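For reference, the structure discussed in these notes is given below.
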Amino acid sequence: MVKTDREQSSIVERSRARALALRDRHWQGSLPVWVSGLLVALLTWQTAFAAPFPGLDLSWMGGLYMAVEDGKQFGTEIVFTYGPLGFLVWPGLWSSWLGALAFTFSGAIYILFTVAFVGSLRRGFGLPVAGLVAFLYLATVPDAEQLPLVLAVALAFLALREQRPDRAVTLLALGGGLLSAIGILVKLSVGPPILVICLLGMVGARADRRQWAFFAASSLGGLIALWLLTGQALGNLWDYGVNGAQVVSGYSEAMGLGGAADWEGAVLVLAAVGVVVAAACARFRDTRARVCATLLTAVAAFASFKYGIVRFEPFHLSLGLSALLGIWFLLPWPRRRAAALLVAGAAIGAIVVHTYPTAPRLDVVANLKAARDGAELLVRPGLRQGRVDEARANLQAAYALEPRILAAVGDRPVSIDPWEIGVAWAYDLNWSPLPVFQNYTAYTADLDRLNAAAIEDPEGPQAILRSNPEEILPMGARSFEGRLPAWDPPQQNFATACNFAPAATSPTWQVLIRTRPRCGPPRPISQRRAGAGEDVAIPRARRGEIVLLRLRGVEVDGLERLRSMLWKARTRSAVLDGLAYRLVPGTSGDGLLVAADPRLDGRSPFAQLPNIRTMRIEGIGGPFELGFYRVAVRPPPRRG
């Protein structure tokens with residue numbers, strides 16, 4: 001019987017793979033890959049249950065847990081980069097059963113990644129070197145959040161190698177598809193790149209129809225199934241993508257925390273470019289596989305680069321570098337280049353540790369103890385619930401809400417302003433969040449409008465609990481990254497001034513209660529043009545008035561959008577009466593509060609109606625337009 005060319009090629013390929021496997025056996029050792037990977041994972045263990053604590057980041061993590069437990073709808077009621085499975089990457093004691101689920105997921109991803117990492121290195125260097133490199137790499141990675149992205153690259157490379165296992169493409173189709181679905185529902189800035197990486201891997205591996213069907217079922221089918229299993233309405237999936245994309249796209253324009261050195265940024269750029277060039281030179285099955293491997297490496301490198309550069313501070317920079325380092329080690333290098341690979345990897349690893357000098361996890365005894373303690377909490381629900389109750393008591397002690405503040409909130413649906421959402425969990429309040437539930441992330445006009453609409457809705461939150469971060473944390477600040485609180489975000493704060501009034505105030509907390517709408521329509525005062533750095537006088541507010549300012553020409557536009565996508569937008573500043581504040585370009589036209597009758601706001605630490613006399617804008621290239629408007633405001637009702 002005459003065999004077809006395809007059958008003969010398949011036979012030759014299998015024979016070659018067996019011959020290579022026999023030749024390489026002395027390199028690889030006899031210990032199974034999964035055993036060696038599991039051992040390295042335990043020796044470098046990272047996953048642990050985190051206790052709730054006051055602060056900006058811990059509060060949004062708590063918000064994710066509360067949103068899932070309360071059945072909030074993501075995309076409409078909750079708008080964030082993290083989705084209904086976002087809590088999975090942050091094992092916390094905000095909820096006993098959700099914390100256990102998150103610990104299980106994070107631990108499983110860590111083990112799977114370690115097995116894939118050791119297995120990949122073992123093919124080129126043998127077990128002893130592979131285990132040592134994997135141990136040192138994972139001991140220097142400051143956080144495991146980027147590992148799913150690198151795991152997707154590992155699955156794709158496995159299917160594109162010259163000598164791939166028989167089921168490598170099927171593993172990519174099923175495992176990569178499911179990882180994509182989970183990733184999209186975990187975080188919108190990570191899930192889509194994982195999906196593209198796996199798609200390119202499938203194309204480069206020449207997947208057949210059955211394997212493509214597996215991929216469609218695991219990715220698209222898994223996405224819909226998981227969305228519904230988390231209690232989300234199918235119609236909200238579009239809103240989740242569209243509104244979440246606003247948070248992702250506006251990040252580069254609005255967020256910017258410095259602290260990293262210029263040379264560290266240059267290293268990140270060189271590492272991203274270098275890993276793509278290395279992929280183009282690595283050994284893959286054929287030309288298509290090499291092209292797809294290069295493209296998917298470029299996607300992963302760009303995602304890692306953006307993660308590191310968008311905040312441009314040591315922690316995120318080191319995370320971006322460590323992800324690139326992981327991809328570098330996963331490339332199928334010829335053995336004759338092994339020494340160069342290890343030397344270059346060691347250099348990048350040293351920079352990772354230098355950039356964010358956390359103590360590397362080299363204490364294997366402490367790591368094993370951490371794994372044991374986490375496992376004990378996982379299998380003992382009573383002990384875990386006790387830790388949750390202890391964390392709640394600790395948070396109550398930290399927040400120290402006065403009885404009159406709690407009484408003023410009562411059982412009303414309450415939103416938390418600006419970001420200490422943990423207080424709602426600590427005191428079991430009737431949490432009714434604005435869609436963008438931490439003010440500082442409503443940094444586009446659309447997101448600002450979403451929050452303003454929720455404030456104006458009579459069926460929205462009936463109370464707002466404001467915190468003064470300066471009184472809660474030693475290094476707390478009311479101003480996020482140097483922004484003016486009254487403009488963060490502007491339309492939401494204007495709607496708050498028009499629909500809420502103070503009911504109880506202390507140095508640390510203030511309760512606002514919904515009132516009848518008390519603002520009239522905006523009426524034009526004047527329009528004018530000004531240049532960058534030019535001082536502009538602000539009209540005075542008359543009795544019972546608020547003055548709004550709408551800016552035009554300070555937005556990110558034209559070629560700067562490309563700069564923002566590849567790097568970061570220029571930082572804009574508003575210098576108000578001599579004090580500089582960071583200006584968010586996406587909300588600059590929403591109606592900035594610039595003057596008000598002082599009797600409308602009082603003199604408490606929570607006063608947010610400014611009275612600015614002069615302003616100038618810095619950080620833009622050309623002239624801009626200013627439009628001033630008066631708004632008549634009725635005084636708030638008196639409360640007994």
List the pairs whose first member sits in region 577-601 and is of a type in the set (S, T, N, Q), whose second member is assigned to a loop (DSSP other than H, G, I, E, B) and crowded, with 20+ Cβ neighbours inside 10 Å, and whose Cβ atoms are under 8 Å apart, counting only residues at least 6 apart or on separate chains?
Thr587/Ala442; Thr587/Tyr443; Thr587/Thr444; Thr587/Pro489; Ser588/Val554; Ser588/Glu555
So which helices (runs of 4 or more DSSP H) stay within region 434-517 end to end and still have 3 or more residues that are polar (S, T, N, Q) and out of contact with any Pro (no Cβ under 6 Å at 6 or more places or on another chain)?
490-499
May I ask you to list the residues in region 597-623 that are modelled with pLDDT of 90 or more, buried (at least 17 other Cβ atoms within 10 Å of the Cβ), of a type outside the set (Lys, Arg) and not in a loop (DSSP other than H, G, I, E, B)?
Met615, Ile617
Which condition number does Ser604 fail, the rest of (1) out of contact with any strand residue (DSSP E or B) (no Cβ under 9 Å at 6 or more places or on another chain); (2) more than 15 Å from Arg552 (Cα to Cα); (3) touching a residue at least 24 places away in the same chain (Cβ under 8 Å) being met?
(1)
Conditions first: (1) over 35 Å from the mean Cα position of the chain (by Cα); (2) over 14 Å from Gly621 (Cβ atoms). Ala530 passes all but one, so which condition is the exception?
(2)
With the first residue restricted to region 223-244 and required to be closer than 16 Å to Leu450 by Cα, and the second required to be outside any loop (DSSP other than H, G, I, E, B), Cβ contacts under 6 Å at 6 or more apart or on different chains are Tyr240/Phe74
For Trp487, all conditions in the list (1) assigned by TED's automatic domain parsing to the domain that holds Gly621; (2) aromatic (Phe, Trp, Tyr); (3) touching an Asp or Glu at 6+ places or on another chain (Cβ under 9 Å) hold save one; what is the number of the exception?
(1)
Out of Leu317, Leu324, Leu270, sole residue that is at pLDDT 85 or above, among the hydrophobic types (A, V, I, L, M, F, W, C) and surrounded by 20 or more Cβ atoms within 10 Å (Cβ to Cβ):
Leu324
Residue identified as out of contact with any helix residue (DSSP H, G or I) (no Cβ under 6 Å at 6 or more places or on another chain), in contact (Cβ under 8 Å) with a residue 40 or more places away in the chain, within 30 Å of Ala398 (Cα to Cα) and of a type in the set (D, E, K, R) among Asp70, Asp57:
Asp70
Being at pLDDT 85 or above, surrounded by fewer than 21 Cβ atoms within 10 Å (Cβ to Cβ) and either β-branched (Val, Ile, Thr) or more than 20 Å from the chain's Cα centre (by Cα) (or both) narrows it down to one of Arg290, Arg336, Arg361, so name that one.
Arg290
For the structure I just gave you, tell me whether Ala537 is surrounded by fewer than 20 Cβ atoms within 10 Å (Cβ to Cβ) and under 23 Å from Leu626 (Cα atoms).
yes
The one condition Ser573 fails out of (1) touching a residue at least 40 places away in the same chain (Cβ under 8 Å); (2) in a loop (DSSP other than H, G, I, E, B) is (2)
Requiring at least 1 residues that are modelled with pLDDT under 85 and surrounded by fewer than 24 Cβ atoms within 10 Å (Cβ to Cβ), the helices (runs of 4 or more DSSP H) wholly within region 54-163 are 56-70, 96-125, 127-140
Looking at region 276-299, I want the residues that are over 14 Å from Val203 (Cβ atoms) and have a partner that is hydroxyl-bearing (Ser, Thr, Tyr) with Cβ atoms under 7 Å, at least 6 apart or on another chain. Which pairs are those?
Val276/Thr294; Val276/Thr297; Ala279/Thr294; Ala279/Thr297; Ala280/Thr294
Asp590 versus (1) crowded, with 20+ Cβ neighbours inside 10 Å; (2) of a type outside the set (Gly, Ala, Ser); (3) touching a Ser or Thr at 6+ places or on another chain (Cβ under 7 Å): which is the lone unmet condition?
(3)
Residues located in region 191-208, provided they are hydrophobic (A, V, I, L, M, F, W, C) and assigned to a helix (DSSP H, G or I):
Ile194, Leu195, Val196, Ile197, Cys198, Leu199, Leu200, Met202, Val203
Just the residues that are crowded, with 19+ Cβ neighbours inside 10 Å and either in contact with a His (Cβ under 8 Å, 6 or more places away or on another chain) or in a loop (DSSP other than H, G, I, E, B) (or both), please, taken from region 209-240.
Gln232
Qualifying positions in region 167-187 - hydroxyl-bearing (Ser, Thr, Tyr) and either buried (at least 24 other Cβ atoms within 10 Å of the Cβ) or within 14 Å of Phe157 (Cβ to Cβ) (or both)
Ser180
Within region 626-634, identify whether any single residue is more than 27 Å from Leu450 (Cβ to Cβ) and not acidic (Asp, Glu), and answer yes or no.
no
Pull out all pairs, ordered by first then second residue, where Cβ-Cβ is under 7 Å, the residues are six or more apart or on different chains, the first lies in region 369-386 and is without any contact (Cβ under 8 Å) to a residue 24 or more places away in the chain, and the second is surrounded by 15 or more Cβ atoms within 10 Å (Cβ to Cβ).
Leu383/Leu377
Suppose we filter Val133, Val153 for residues that are over 17 Å from Ser304 (Cα atoms) and β-branched (Val, Ile, Thr); which single one remains?
Val133
Please verify whether region 40-47 includes one or more residues that are of a type in the set (Gly, Ala, Ser) and at pLDDT below 85.
no
If Ile546 passes every condition in (1) part of a helix (DSSP H, G or I); (2) crowded, with 20+ Cβ neighbours inside 10 Å; (3) in the same structural domain as Glu618 (by TED's automatic domain parsing) but one, which one does it miss?
(1)
Return the residue satisfying two criteria in turn: it lies in region 181-190 and is in a helix (DSSP H, G or I) and touching a residue at least 40 places away in the same chain (Cβ under 8 Å), and of such residues it is farthest from the chain's Cα centre (by Cα).
Ala181
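The values are calculated or read from the model by the stated rules, or taken from the named source; none is laboratory data. Because the structure is predicted, anything quoted here is derived from the model rather than measured. Quick reminder, even Gly has a Cβ in these numbers, built from the backbone with ideal geometry, and neighbours come from all protein chains shown.
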